[in-house]
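A short write-up of the structure that comes next.
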Amino acid sequence: MAWSLMAQSAKMQCCRWLLQQGLAVALTLLALAGWRTAWAEPPAKRFAVAAAHPLASQAGIQILRAGGSALDAAIAMQMVLTLVEPQASGIGGGAFLLHWDGRSIEAWDGRETAPAQADEQLFLQPDGRPMQFMQAVVGGRAVGVPGLLRMLEQAHRQHGRLPWGRLFEPAIQLAEKGFAVSPRLHSQLLAGAEHLQKDPLARALYYAPQGQPHPVGYRLRNPALAQVLRQVSQGGSDVFYRGPIAADMVQRVRKHALNPGRLSEQDLVDYRPRQRTALCTDWRELWRVCGFPPPSSGHLAIMQMLGMLVHLPDLGMGLKDGLPSPSWLHDYTEVSRLAFADRAQYVADPDFVEPPAGDWRSLLAPDYLRQRAALVGPHSMGSASAGQPAGWRSAYAPQLAQEEYGTSHLNVVDGQGRVVSMTSTIEAVWGAHLMSDGGTGLPGGFLLNNQLTDFSFLPTDAQGRPIANRVQAGKRPRSSMSPTLVFRRSDGAWVLSTGSPGGPGIIHYTAKSLIGTLQWGLSPQQAIDLPNFGSFNGPTLLEQGRFPRATFDVLKARGHQVEEVPFVSGLHVLQETAQGFVGGADPRREGVVLGE
Ligand code: GLU
């Protein structure tokens with residue numbers, strides 16, 4: 001009973017959020033008509049970028065023109081995003097970055113960690129019940145140790161070409177001179193006002209004295225962020241992790257009046273990014289798909305789905321009249337259920353949990369996926385249970401569905417064939433709704449993440465079995481972020497970079513971009529423009545207003561509980577073709593692709 005109530009309340013919160021997002025998207029799309037720059041044909045010959053805001057893409061191009069590497073451009077773009085898309089990602093958060101240098105692939109983990117004083121009771125109320133999502137999010141409680149800057153700095157030591165300080169110039173200039181509030185930023189300020197206005201720094205920066213968000217086109221300056229970025233550009237990431245900036249973050253987290261957290265200055269000093277081994281999986285005859293290993297669940301879930309789909313009879317029959325066909329959607333959402341069941345059971349920080357059968361690849365083993373695919377029948381299974389790869393019996397309980405949304409994805413390919421695919425996040429839209437001015441005393445600042453709410457709020461199930469992704473000190477919360485690079489199997493050449501924000505939807509959006517481009521032969525933009533679809537092992541979810549009645553009828557007749565949701569992806573894709581680099585940016589957000 002308690003379980004179904006909790007699942008129900010998580011679902012209601014989720015739907016409320018999705019509706020808010022839908023409104024934001026509708027406003028954004030209306031305001032963007034005639035404003036958004038699109039990918040300019042012909043394809044780019046030298047380099048290309050794709051990011052969630054035109055100013056970020058422009059900063060990337062500026063750095064590439066100056067001789068910067070793909071990683072240099074990614075850093076400059078990320079610093080601009082901290083300023084112009086503050087609701088999604090930034091220096092107060094974390095990221096996963098894949099880097100291809102033309103020969104080998106590296107996976108950089110800048111995920112937040114739980115403070116040393118965090119424990120598995122963190123999100124439980126005194127009566128033992130889990131907190132409501134926003135109760136946990138707003139304030140200091142869910143703030144994890146930010147990982148972005150340390151990770152970027154270490155990657156820069158290996159792959160940077162321009163000096164670190166140069167990469168901060170575009171963002172510092174914009175923060176000082178100001179940038180125009182975009183339609184999406186404005187709509188997110190409206191949607192997030194209730195909680196964001198409780199933070200005095202955010203209220204003063206983003207809202208007029210009477211409380212309205214600054215209008216579209218308003219020139220927004222952020223002197224505190226400019227000052228913090230200048231200090232980091234001169235002194236390196238240490239300036240952020242020790243001293244006045246660190247002290248200010250810690251104080252704001254620990255002294256939060258309503259919801260204090262446990263971050264300490266020692267946690268910041270101790271933060272270390274991790275270099276992990278990317279997971280690479282063959283897909284069909286042609287492709288090798290590389291993505292992020294745990295603590296991300298992204299690559300495992302995506303490749304489980306793609307790996308199961310090849311065993312189902314609809315292969316090649318996916319698109320009908322330009323839309324995913326109902327029978328293909330049946331197969332896709334069924335394999336989604338199976339993949340999300342494994343995700344809930346198994347995936348968590350590999351420093352804390354053992355992979356099933358000793359190896360995460362057991363979840364991708366061809367025999368295992370064949371067996372799992374055989375569970376898909378003509379009627380929907382409704383919800384799936386986790387499988388047992390190679391006979392493995394898990395001692396863990398599955399995690400219940402929770403909210404996880406926000407985030408930004410960018411790609412860069414440079415003139416030397418180096419590629420970056422990075423997904424970056426402060427977790428929820430507006431993160432912890434808590435800003436730090438870095439101790440500068442100037443107006444403005446940067447937002448702190450609420451990444452700890454990506455842990456399971458409940459440490460155990462009703463029988464007392466532990467949940468793999470429960471809160472533990474020093475642990476990294478499970479993620480859905482799926483930066484992805486695809487290579488040709490025949491000669492190992494890079495062909496595509498993709499990824500998206502969108503919480504667990506990231507997994508479906510990224511899968512759609514792979515299927516659309518590499519299986520159905522669409523351009524990146526056509527693939528992104530397809531309506532979104534998927535299941536998180538509950539109802540079948542279809543993007544609102546994008547599918548005909550007949551699709552609902554067929555799916556319902558096959559036993560699906562179908563729900564329409566806004567499903568706001570933010571896909572950015574770059575692809576190498578015989579003509580050069582082409583790309584796509586998600587019309588549901590404000591991103592652009594630029595190249596030369
Ligand atoms: N925090 C989520 C994750 O790491 C991402 C949130 C989002 O994309 O909106 O999986």
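The values are calculated or read from the model by the stated rules, or taken from the named source; none is laboratory data. Just so we're clear, the structure is a prediction, and the values are computed from it rather than from any experiment. Heads up, the Cβs are rebuilt from the backbone with ideal geometry, glycines too, and the neighbour counts pull from every protein chain shown.
Things worth noting here:
- Contact annotation: residue pairs with Cβ atoms under 6 Å, 6 or more positions apart or on different chains, pairing a residue in segment 459-482 that is in contact (Cβ under 8 Å) with a residue 60 or more places away in the chain and farther than 18 Å from ALA341 by Cα with a partner that is of a type in the set (Asp, Glu) and part of a loop (DSSP other than H, G, I, E, B), are VAL471/GLU120; LYS475/ASP349; ARG476/ASP349.
- If you go through segment 84-105 and pick out every residue that is within 24 Å of GLY502 (Cα to Cα) and either in contact with a Phe, Trp or Tyr (Cβ under 6 Å, 6 or more places away or on another chain) or among the acidic types (Asp, Glu) (or both), you end up with 8.
- Qualifying residue in segment 490-505 (condition: free of Cβ contacts under 8 Å to residues at least 24 places away in the same chain and of a type in the set (A, V, I, L, M)): no
- Residue match in segment 99-107 (condition: within 16 Å of the ligand (Cβ to nearest atom), of a type outside the set (Val, Ile, Thr) and over 28 Å from GLY444 (Cβ atoms)): yes
- Helices (runs of 4 or more DSSP H) wholly inside segment 467-560 containing at least 3 residues that are crowded, with 21+ Cβ neighbours inside 10 Å: 505-514, 524-529
- Scope segment 561-577; condition free of Cβ contacts under 8 Å to residues at least 24 places away in the same chain and either within 23 Å of GLY406 (Cβ to Cβ) or part of a helix (DSSP H, G or I) (or both); matching residues: GLU564
- Restricted to segment 339-354, and to residues there that are surrounded by fewer than 22 Cβ atoms within 10 Å (Cβ to Cβ) and acidic (Asp, Glu), the residue that is nearest to ARG476 (Cα to Cα) is ASP351.
- The residues on offer are LEU124, LEU185, and the sole one that is within 30 Å of ARG465 (Cα to Cα) and modelled with pLDDT of 95 or more is LEU124.
- Condition broken by GLY406, with the remaining ones in (1) surrounded by fewer than 16 Cβ atoms within 10 Å (Cβ to Cβ); (2) touching a Ser or Thr at 6+ places or on another chain (Cβ under 9 Å); (3) assigned to a loop (DSSP other than H, G, I, E, B); (4) of a type outside the set (S, T, N, Q) satisfied: (1)
Listed here are the residues, each with its yes/no results for (1) closer than 30 Å to VAL269 by Cβ; (2) within 15 Å of the ligand (Cβ to nearest atom); (3) modelled with pLDDT of 95 or more.
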residue: ASP414; (1), (2), (3): no, no, yes
residue: VAL420; (1), (2), (3): yes, no, yes
residue: ILE426; (1), (2), (3): yes, yes, yes
residue: GLY438; (1), (2), (3): yes, no, yes
residue: PHE455; (1), (2), (3): yes, yes, yes
residue: GLN472; (1), (2), (3): yes, no, yes
residue: LYS475; (1), (2), (3): yes, yes, yes
residue: ALA493; (1), (2), (3): no, no, yes
residue: GLY499; (1), (2), (3): no, yes, yes
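- Selection within segment 355-388 - among the aliphatic types (A, V, I, L, M) and surrounded by fewer than 15 Cβ atoms within 10 Å (Cβ to Cβ): ALA374
- The sole residue among ALA344, ALA384, ALA395 that is away from the ligand (no atom under 16 Å from the Cβ), under 25 Å from the mean Cα position of the chain (by Cα) and either in a helix (DSSP H, G or I) or over 30 Å from SER187 (Cβ atoms) (or both) is ALA384.
- Here ARG157 meets each of (1) touching a residue at least 12 places away in the same chain (Cβ under 8 Å); (2) of a type in the set (D, E, K, R); (3) not in a loop (DSSP other than H, G, I, E, B) with one exception, condition (1).
- Every residue from segment 75-106 that is within 15 Å of the chain's Cα centre (by Cα) and farther than 12 Å from PRO146 by Cα: GLN78, LEU81, THR82, GLU85, PRO86, GLN87, ALA88, PHE96, LEU97, LEU98
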